[in-house]
Amino acid sequence: MLAPAQAARGQGLDVRLHGGIIKPVSSTAEYFRFGPSVGVDIGVPISDVVSVMLDVGWEWLQTQYTIASPTTNLWRYGLALEFDLLKDPGDDTFMLHALVGAGGTTSTSHKFWLKSRQPYDFYGHNINQTAMSAGGGLRFGLRTEDGIEWWLTSKINWSPVTDHNAAALRELSRDQLDLLSAETTASIQMGVTLW
């Protein structure tokens with residue numbers, strides 16, 4: 001596996017797989033709990049210190065114990081710039097990258113039923129929207145003696161919530177929580193460069 005990995009890097013292509021957890025932050029934390037997060041990115045360098053990445057990921061927001069918020073899937077996709085902050089030709093063991101990007105997030109939740117939206121039916125309601133999103137973070141890397149690159153990534157992602165979905169979530173909370181205007185999450189992921 002190491003030879004194809006080195007060949008792909010020589011052509012300027014990095015493919016990385018990441019997995020970890022997400023924590024809802026800001027008002028999103030009132031409605032949801034932490035959950036799993038996975039992602040893959042494909043990067044192509046455009047200079048010695050900057051790469052362009054196609055970044056795709058999935059996050060799962062779990063329901064809060066205190067309110068009946070539905071578990072919700074967040075499918076994220078977009079482009080990002082990744083900046084090498086420790087470019088040192090003499091030492092390639094440790095790496096530190098900053099990343100910033102924009103794209104879209106598709107949110108889909110499990111079914112729920114609202115008192116204000118009767119009559120009830122089998123299908124119920126769900127959060128189903130696609131919106132622009134933005135994010136950024138830091139990525140710490142370690143290259144082992146056999147050439148494998150391991151990564152620890154911390155990111156913040158933000159995406160607005162439509163008024164229709166925000167009103168539904170607030171009704172589920174019995175109007176006890178602040179109106180959710182955006183889905184904001186922080187994630188920590190471990191990753192590895194595949195090739």
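Would you check if Ser187 is surrounded by fewer than 16 Cβ atoms within 10 Å (Cβ to Cβ), in contact with a Ser or Thr (Cβ under 8 Å, 6 or more places away or on another chain) and within 30 Å of Ile42 (Cα to Cα)?
So Ser187 does not fit the description; no.
Close contacts from segment 62-84, counting a first residue that is touching a residue at least 60 places away in the same chain (Cβ under 8 Å) and under 23 Å from Asp175 (Cα atoms) and a second that is among the basic types (Lys, Arg) and outside any strand (DSSP E or B), with Cβ to Cβ under 8 Å and a gap of 6+ residues or different chains, come to Ile67/Arg174; Pro70/Lys111. Taking every residue in segment 155-169 that is farther than 30 Å from Leu96 by Cα and pairing it with any residue that is of a type in the set (S, T, N, Q) and outside any strand (DSSP E or B), at least 6 positions away or on another chain, the pairs with Cβ-Cβ distances below 8 Å are Val161/Ser181; Ala166/Ser181; Leu169/Ser69. Residues considered: Asp84, Asp121. Of these, the only one that is out of contact with any helix residue (DSSP H, G or I) (no Cβ under 8 Å at 6 or more places or on another chain), surrounded by 16 or more Cβ atoms within 10 Å (Cβ to Cβ) and over 16 Å from Lys155 (Cβ atoms) is Asp84.
Residue count for segment 149-195, restricted to those that are assigned to a strand (DSSP E or B), of a type in the set (Asp, Glu) and over 17 Å from Pro24 (Cα atoms): 1. In segment 117-148, of all residues being touching a residue at least 60 places away in the same chain (Cβ under 8 Å) and touching a Leu at 6+ places or on another chain (Cβ under 7 Å), the one that is farthest from Leu17 (Cα to Cα) corresponds to Asp146. If only residues of segment 37-49 that are of a type outside the set (Gly, Ala, Ser) and surrounded by 14 or more Cβ atoms within 10 Å (Cβ to Cβ) are counted, the one that is farthest from the chain's Cα centre (by Cα) is Pro45. A single member of Phe112, Phe94 is loosely packed, with under 14 Cβ neighbours inside 10 Å and among the aromatic types (Phe, Trp, Tyr), and it is Phe94. A single entry from Leu17, Leu13, Leu54 fulfils the requirement of being farther than 17 Å from Ala182 by Cβ, surrounded by fewer than 18 Cβ atoms within 10 Å (Cβ to Cβ), touching a residue at least 40 places away in the same chain (Cβ under 8 Å) and in contact with a Leu (Cβ under 9 Å, 6 or more places away or on another chain): Leu17.
Which one of the conditions (1) under 24 Å from Leu194 (Cα atoms); (2) in contact with a helix residue (DSSP H, G or I) (Cβ under 8 Å, 6 or more places away or on another chain) does Leu79 fail to meet, given that it meets all the rest? Tallying (1) under 24 Å from Leu194 (Cα atoms); (2) in contact with a helix residue (DSSP H, G or I) (Cβ under 8 Å, 6 or more places away or on another chain), Leu79 fails exactly one: (2).
Looking across segment 20-51, the residues that are touching a residue at least 24 places away in the same chain (Cβ under 8 Å) and in a helix (DSSP H, G or I) come down to Thr28, Glu30, Tyr31.
Every number in this text was worked out from the coordinates using simple rules, so none of it is lab data. Keep in mind that what you see is a predicted model, and the values were worked out from it rather than measured. FYI the Cβ positions are ideal-geometry reconstructions off the backbone, even for glycines, and counts take in every protein chain you see.
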